[in-house]
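**Q** I am attaching a structure below and will ask some questions about it afterwards.
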Amino acid sequence: IIQLYVPLNWFGTYYRAIQKNFVDMENMFDLMREEQEVIDAPGAGAIAMKRGGVEFRNVSFSYLPERVILKNITFTVPSGKTVALVGPSGSGKSTIIRLLFRFYDVDTGVIVIDDQNIKTVTQESLRRAIGVVPQDTVLFNNSIKYNINYGRIGAGEADIIQAARGADIHERILTFPDGYDTEVGERGLRLSGGEKQRVAIARTLLKAPIIVLLDEATSALDTQTERNIQGALNEVCANRTTIIVAHRLSTIIHADEILVLKEGEIVERGTHMNLVGQEGVYASMWKQQLENKDSTSVENSMEQSM
Ligand code: ATP
């Protein structure tokens, strides 16, 4: 196994905390409202969302000047379609997501949504148009109802229940001691990883954004949970422009395009069928995953096949 990723231990706890929190970007934005890297252009207006087409044109980016993280990334996600990002740990998948959410500005190139450079619109309107289903959802110490409602403050009870049903968590909530009023989070009922992800899906269904960013959980879930989650994910992605950071290739077989990233570059692209037909990185990752089903993460199989 080639070691492709050296943890940046020297960045210390602060770095890790930020990295972890970035996973739950929407929450982080509201909870911390800390020092902003990016400020709105003077006179910026709200983004005019039409069909939610996303485009990266020759995007390059570095966090620190001496190290380029993304190199000349170009791809299009047509309205309603799904693009999946795969690649080893550290290849830049989450960075693409963070740039689209505009946590940072690109160094060169542009990111365009519905023909508008995202640099020219307000961040608030941009983030309102994009739903995020993070890998690890941070729950508020509040009721389960509040936690779902957060997706669209002001939504009525019927909409909350409908979202919970769509996310396949309604029945589960009814088994909680106080149903929708049950306190959850660190100081309340602790939810499992799969349940938390379904809360995030319910939130996103309630928010009903045109664009959905999905960070697939790396942690192994049991087969039944996996199946439930998959159903809920299909529901949240249906008819929305979707970008998935994928850790299991089985979940992206139907993606309209798969981008294989390595060291910040797109090294292969195509549909699952195209890519398994080539003798490239993706094909060997796929073979690896079929061979060792127990080590299901893409990162593992990529590290073994590169
Ligand atoms: P993973 O699958 O592990 O989540 P990834 O492909 O999503 O990995 P990114 O999180 O996009 O990778 O990180 C790409 C590179 O950028 C990594 O080398 C990482 O160490 C570096 N990096 C990420 N965030 C920062 C930051 N805030 N400051 C400096 N470097 C960073």
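The values are calculated or read from the model by the stated rules, or taken from the named source; none is laboratory data. From a predicted model like this one, the values you see are computed outputs, not experimental measurements. Positions of Cβ are backbone-derived with ideal geometry, glycine not excepted, and every protein chain shown enters the neighbour counts. These area figures cover heavy atoms from the full protein model, side chains too; ligands, DNA and RNA do not enter into them. Shrake-Rupley method; radii C 1.70, N 1.55, O 1.52, S 1.80 Å.
**Q** At 7 Å along Cα-to-Cβ for each site, give me the label-to-label distance between Thr182 and Thr120 in nm.
**A** About 4.9 nm separates the two model spin labels.
**Q** Before I look further, what does the range 48-151 give for accessible area per residue, probe 1.4 Å, in whole square angstrom?
**A** Accessible area per residue: 37 Å².
**Q** Tell me the trypsin sites (Lys or Arg not before Pro) within the range 183-215 that lie in a loop according to DSSP and have at most 16 other beta-carbon atoms within 10 Å.
**A** Sparse-neighbourhood loop trypsin sites (Lys or Arg not before Pro): Arg187, Arg190.
**Q** Please give the per residue accessible area of the range 192-259, computed with a probe of 1.4 Å over protein heavy atoms only, in Å².
**A** 35
**Q** While we're on this one: Which pairs in the list Lys93/Lys196; Lys196/Lys262; Lys81/Lys119; Lys119/Lys207; Lys207/Lys262 are over 28 Å apart, alpha-carbon to alpha-carbon?
**A** Too far apart for the 28 Å limit: Lys196/Lys262; Lys207/Lys262.
**Q** Once you have a ≥ b ≥ c as the square roots of the Cα gyration tensor eigenvalues for the range 184-256, tell me rounded if a/c is under 1.5, and otherwise prolate or oblate according to whether a/b is larger than b/c.
**A** oblate
**Q** In terms of the Cα gyration tensor, with a ≥ b ≥ c the square roots of its eigenvalues, is the range 228-271 rounded because a/c is under 1.5, prolate because a/b exceeds b/c, or oblate?
**A** Prolate.
**Q** Between Thr223 and Glu263, with labels modelled 7 Å along Cα→Cβ, what's the label distance in nm to one decimal, could you check?
**A** Output for this residue pair reads 4.0 nm.
**Q** Something else about it: Of the heavy-atom accessible surface of the range 118-237 (probe 1.4 angstrom), what whole percent is carbon and sulfur?
**A** Looking at the range 118-237 in its full context, I get 47 percent from C and S.
**Q** Looking at the range 47-109, which trypsin sites (Lys or Arg not before Pro) are in a loop (DSSP not H, G, I, E or B) and have at most 15 other Cβ atoms within 10 Å?
**A** Within the range 47-109, the qualifying trypsin sites (Lys or Arg not before Pro) (loop, at most 15 other Cβ atoms within 10 Å) are Lys50, Arg51.
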